[in-house]
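Everything below concerns the one structure shown next.
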Amino acid sequence: MANKPILKEVLRDRGVSRRGFMRYCATLTSLMALPAAMAPKVAQALEGAPRPSVIWLSFQECTGCTESITRSSAPSLEDLIFNAISLDYHHTLQAASGHAAEAAREAAMKAQDGKYLLIVDGSIPLGNPGYSTIAGISNEDMLRDAAKGAAAIIAVGSCAAYGGLPMADPNPTGAVSVSQIITDKPVVNIPGCPPIAAVMTGVLAHFLTFQGLPDLDELGRPVVFYGDTIHDRCYRRPFYNQGLFAKGFDDEGARKGWCLYELGCKGPVTRNACATIKWNGGVSFPIQSGHGCIGCSQPDFWDAGSLYTAVASPTADITPVAGMAAAAGVGAGVAVAALNAQSKKKTASESTPVTVQELGDKQ
Amino acid sequence: MIGDYPGAWDGMGEPEQSVLIEIHRAVSALLEDDSESVIDVSTLPLGVADLARLEDALGQGEVEATIEAGGKSTVRETGVSGVWIVEHFSESGSVLAKTIEVCEAPTILRAHREDIEIGRDELGRRLA
Ligand code: SF4
Ligand code: SF4
């Protein structure tokens, strides 16, 4: 902690040159749609961030979100930056465990009271506190306690943002999202199963550079990354527009790269940046690899029916989402309206695949 | 005529004109008080054809460099000295960011103090 190397040293030890870091800050700035002249400020903010600026708590989760950030492209600058800025207090990654780790967390919270960023992955079980505890402390208590002194809270991954897999029907643990518990502070949702690493660093960099949060939509997501659907930015879109659909994963259409809508692609109802930022250092994303989007960043995607049926929308339960909108300080009416819009789309296609004819009518 | 730019009237209606005017102002600022500017090309309201016309209008300068620093980046000086086009590419070759920079030399091109120090120390060790 006190003797932890600063970002500059971490980068140097890993052979990342100054140019490499400047290049990273330039692309991050562009990604966040910030004015290009901000790049040196972003670099400065990342380097000058006091440690620990971030406390990361893991609740009911699979560690996939942490994997996404630590196993991102090589040399993983996302990983290095998180390491230098925060990860003393990452439950999964820190060396200490048990009471020693909790004591360290409490000391950090005290030292940085009111200033640290709280990152949470995983959902919180309300059914029985014993379903998930850390050093004997229930997830709910730990979240409430850590939230008190946080400047802002980031719910990373679909579980923390919307309940995710643990909340899937019949929700055996009574899982809820972060924003269903914390209602008096801004909660940024970075959904995705897992979310894209660059989106996580982008929000962190924004927070450090401007001492504030980026613009959020009615579901608490940063607009700059979740403003468009996958379908809006999909390179297969021209085929969709022409009604050219693959009907099987190995048919002629699939080989020609036609639209995957009829194979269950949820791109049209999924807001995420996969089609532009892509995965594994910008190499590819699911649709480019021949599989439809499964809608992993939407609320309740697990309960949306088959991944391979052309159903346009997840069957979202209205209660938790309305709660989320209220927590984000937005009228619940917005969330209801959004859901209505979704369910309208759903009725349009119900459970039978949409025909080319119908698609033509919709445009 | 757009503002003080009578020549901007030719080819009026072409969106790259206003960017050229912005660049002209930036170059003047660089000469007057050393202030540098950066324009993120992805934020400009330019289509592919507009952008190609903009690059044509700026022309080709004397410098072209490829940088390998955690990925490929390129720097090209345009025909207007002090106006550079900087591009950062992903592993698969797609453009991650593209900027027009108005300065004596783009930051990414310069050797940085931190790296120079490492180089000196390394060379020193070999000579010791
Ligand atoms: S339905 Fe899916 S594959 Fe087809 S254009 Fe939309 S996002 Fe792309
Ligand atoms: S393409 Fe769809 S399912 Fe795949 S990671 Fe992106 S949002 Fe999730």
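The values are calculated or read from the model by the stated rules, or taken from the named source; none is laboratory data. Here the structure is a predicted model, which is why all the values come from computation and not from measurement. Neighbour counts run over all protein chains shown; Cβ positions are idealised from the backbone, glycine included. When the accessible area is computed, the model is the full protein with side chains, heavy atoms only, and any ligands, DNA or RNA have been set aside. Shrake-Rupley method; radii C 1.70, N 1.55, O 1.52, S 1.80 Å.
If you go through the stretch A:193-244, how many residues are away from ligand 1 (no atom under 16 Å from the Cβ), of a type in the set (Ser, Thr, Tyr) and within 26 Å of A:Cys62 (Cα to Cα)? Residues that pass the stated criteria total 1. Any chance the stretch B:89-105 includes a residue that's within 24 Å of B:Pro45 (Cα to Cα), under 12 Å from the mean Cα position of the chain (by Cα) and free of Cβ contacts under 8 Å to residues at least 40 places away in the same chain? Looking through the stretch B:89-105, none of the residues is within 24 Å of B:Pro45 (Cα to Cα), under 12 Å from the mean Cα position of the chain (by Cα) and free of Cβ contacts under 8 Å to residues at least 40 places away in the same chain. Of the residues making up the stretch A:271-284, just one is closer than 17 Å to A:Arg237 by Cβ, hydrophobic (A, V, I, L, M, F, W, C) and in a loop (DSSP other than H, G, I, E, B), namely A:Ala273. Whenever a residue of the stretch A:223-249 is within 14 Å of chain B (Cβ to nearest Cβ) and on the phi < 0 side of the Ramachandran plot, its partners that are away from ligand 2 (no atom under 16 Å from the Cβ) and of a type outside the set (A, V, I, L, M, F, W, C), lying with C-beta atoms within less than 7 angstrom and at least six residues away or across chains, give the pairs A:Val224/A:Pro214.
Just to be sure before I move on: is A:Ala33 at the interface with chain B (Cβ under 8 Å from one of its Cβ atoms) and closer than 15 Å to A:Thr209 by Cα in the structure I sent? It is true that A:Ala33 is at the interface with chain B (Cβ under 8 Å from one of its Cβ atoms) and closer than 15 Å to A:Thr209 by Cα.
If B:Val102 satisfies all but one of (1) open to solvent by 40 Å² or more (accessible area, probe 1.4 Å); (2) modelled with pLDDT of 95 or more; (3) within 17 Å of A:Pro40 (Cα to Cα), what's the number of the condition it fails? Among (1) open to solvent by 40 Å² or more (accessible area, probe 1.4 Å); (2) modelled with pLDDT of 95 or more; (3) within 17 Å of A:Pro40 (Cα to Cα), the lone unmet condition for B:Val102 is (1). Checking each residue in the stretch B:56-99 for being of a type in the set (Phe, Trp, Tyr) and open to solvent by 20 Å² or more (accessible area, probe 1.4 Å) picks out only B:Phe89. Would a scan of the stretch B:36-59 turn up a residue that is free of Cβ contacts under 8 Å to residues at least 60 places away in the same chain, more than 11 Å from chain A (Cβ to nearest Cβ) and within 15 Å of A:Arg19 (Cβ to Cβ)? No, there is no match, as no residue in the stretch B:36-59 is free of Cβ contacts under 8 Å to residues at least 60 places away in the same chain, more than 11 Å from chain A (Cβ to nearest Cβ) and within 15 Å of A:Arg19 (Cβ to Cβ). Residue pairs, Cβ under 6 Å, 6 or more apart or interchain, first in the stretch A:101-129 and at positive phi, second among the polar types (S, T, N, Q) and in a strand (DSSP E or B). List them. As it stands, the answer is A:Gly122/A:Ser58; A:Gly122/A:Gln60, since those pairs meet every condition given.
Restricted to the stretch B:41-55, and to residues that are at pLDDT 85 or above and more than 14 Å from the chain's Cα centre (by Cα), which residue is surrounded by the fewest Cβ atoms within 10 Å (Cβ to Cβ)? Taking the candidates together, the pick is B:Ala52. (1) surrounded by fewer than 24 Cβ atoms within 10 Å (Cβ to Cβ); (2) under 23 Å from A:Tyr308 (Cβ atoms); (3) within 16 Å of ligand 2 (Cβ to nearest atom): which one isn't true of A:Gly164, the others all being true? In the conditions (1) surrounded by fewer than 24 Cβ atoms within 10 Å (Cβ to Cβ); (2) under 23 Å from A:Tyr308 (Cβ atoms); (3) within 16 Å of ligand 2 (Cβ to nearest atom), A:Gly164 misses (1) alone. Number of residues in the stretch A:265-291 that are within 14 Å of chain B (Cβ to nearest Cβ), closer than 24 Å to A:Asn189 by Cβ and more than 11 Å from ligand 1 (Cβ to nearest atom): the value is 7.
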